[in-house]
Amino acid sequence: MAKVTTKLAANSKASIEPSGNKPSGKSAPKVSAKPKAKTKPPKKPKAPKPKSVKAWSEAEVTEAFTRFRRANPEPKGELEYINPYTLVVAVALSAQATDVGVNKATRNLFPLADTPQKMLALGEDRVRELIKTIGLYRNKAKNVIALSEKLLADYGGEVPRSREALETLPGVGRKTANVVLNMAFGEPTIAVDTHLFRVGNRTGLAPGKNPLEVELGLERMIPAEFKRQAHHWLILHGRYTCIARKPLCERCIVADLCRWPEKTV
Ligand code: SF4
C-alpha cells in the first residue's frame, strides 16, 4: 500500500512540475496558474503546385491560328449527320465513344430515322439494337427517344438555336450544345472535349482547371476571324498531332510557340 502511495505522489509531482525547471530540493513545487498551452501539431507541408505554363500572347495566338488555317483552310468535323436533328443525336451518341464508332452505327440508324417523329416510330428497342456497338448504348438509346419526345413537345420538332434550350434536351450538355451551335448553325462556339482540354493546357493557349475555364479562355483569346473554325482545328490537332500519350512534336506546326515543358522539340 505504502509503495502505491509513493508512486502516486511521485507521478503527481512530475505532472505539475513546469517544464524545463528542476525541482528545488525540499520546497513545494509551484503550480502555474495558467494551464500549459497545448502544443500544436506541426503543419503538414503543402504539396508543391504543378508549374502552370505561361499563357500565349495575342500575337502568338494569331500566329498559331494563321498557321492552322494555312495548313487546313476548311477544317471539317468527322461525325456524319444529315440535318441538325441527326447532328444532335450523333453528338449525344459520341460521349465516351469515337467518331468512327458512332458513324458506323448511325449509317444504319439515320436512313431509318432522320427526324424526331421517325425516331419515335422506330422505338427505343430498335434504336438500342441499332446502336449497340457504341459504349453506354442502353442509356444513349433512352436519351435519343427522350430528346426526340422533348423536341416534339417543346420545340415543334425543330432543333432550337440557343445553348440554354439545347441543354434542356436529355443527354445534351454544354459541350454537345456548343458543337450543334457551331456545326448546324455556324455560331462561333467552342466545344471543349478531351482533346481541346489537353491542347489548351499543354500549349499555354488557354490553361484552365476544367473544360469551362478552358472554353472561356479560348473564347477570350481567339480572334473573331478564327473562332468559328477554331474548334475543328484544335480537335484535329489534339487527335492527330498533340495526342495524349506521345505527342508528335516533331511534326507540330506550333511547336515553337508551345510552352509544354515535356515537348520533344
Ligand atoms: S509541340 Fe508537342 S506538346 Fe506542344 S502542341 Fe505541339 S505536339 Fe503538342
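The values are calculated or read from the model by the stated rules, or taken from the named source; none is laboratory data. Being a predicted model, the structure only gives us computed values, none of them experimental. For neighbour counting, all protein chains shown are included, and Cβ atoms are generated from backbone atoms with ideal geometry for every residue, glycine included.
Return the pairs, sorted by first residue and then second, in which the second residue is aromatic (Phe, Trp, Tyr) and crowded, with 18+ Cβ neighbours inside 10 Å, the first residue lies in segment 64-92 and is within 29 Å of Met119 (Cβ to Cβ) and touching a residue at least 24 places away in the same chain (Cβ under 8 Å), the beta carbons are less than 6 Å apart, and the residues are 6+ apart or on different chains.
Correct list of pairs: Ile82/Phe110; Thr86/Phe110; Leu87/Tyr81.
Hand me the list of helices (runs of 4 or more DSSP H) wholly inside segment 79-155 holding 2 or more residues that are in contact with a Ser or Thr (Cβ under 7 Å, 6 or more places away or on another chain) and over 24 Å from His232 (Cβ atoms).
It comes to 116-122.
Out of curiosity, is Thr168 of a type in the set (Ser, Thr, Tyr) and in a loop (DSSP other than H, G, I, E, B)?
Answer is yes for this residue.
Can you say whether Leu218 is modelled with pLDDT of 95 or more and buried (at least 18 other Cβ atoms within 10 Å of the Cβ), as far as the supplied structure shows?
Considered against the rule, which asks whether it is modelled with pLDDT of 95 or more and buried (at least 18 other Cβ atoms within 10 Å of the Cβ), Leu218 comes out as yes.
Report, ordered by the first and then the second residue, all pairs with beta carbons closer than 9 Å, sequence separation of six or more or different chains, a first member in segment 115-127 that is at positive phi, and a second member that is part of a helix (DSSP H, G or I).
From residues that are at positive phi, the pairs are Gly123/Ile145.
Cβ contacts < 6 Å: first residue farther than 11 Å from Thr241 by Cβ, restricted to segment 193-204; second residue buried (at least 20 other Cβ atoms within 10 Å of the Cβ) and of a type in the set (Gly, Ala, Ser), any location; separation 6+ or different chain. Result?
Close Cβ pairs (under 6 Å, with a partner that is buried (at least 20 other Cβ atoms within 10 Å of the Cβ) and of a type in the set (Gly, Ala, Ser)) amount to Arg198/Gly238; Gly200/Ala206.
Can you spot a residue in segment 179-197 that is surrounded by fewer than 16 Cβ atoms within 10 Å (Cβ to Cβ) and either closer than 16 Å to Val61 by Cβ or within 9 Å of the ligand (Cβ to nearest atom) (or both)?
Within segment 179-197 (the criterion being surrounded by fewer than 16 Cβ atoms within 10 Å (Cβ to Cβ) and either closer than 16 Å to Val61 by Cβ or within 9 Å of the ligand (Cβ to nearest atom) (or both)), the answer is no, since none of the residues qualifies.
Yes or no: Lys209 within 9 Å of the ligand (Cβ to nearest atom), surrounded by fewer than 18 Cβ atoms within 10 Å (Cβ to Cβ) and not acidic (Asp, Glu)?
So Lys209 fails the test.
How about segment 227-262: which of its residues are within 6 Å of the ligand (Cβ to nearest atom) and in contact (Cβ under 8 Å) with a residue 40 or more places away in the chain?
Across segment 227-262, the qualifying residues are Cys242, Pro247, Val254, Cys258, Trp260.
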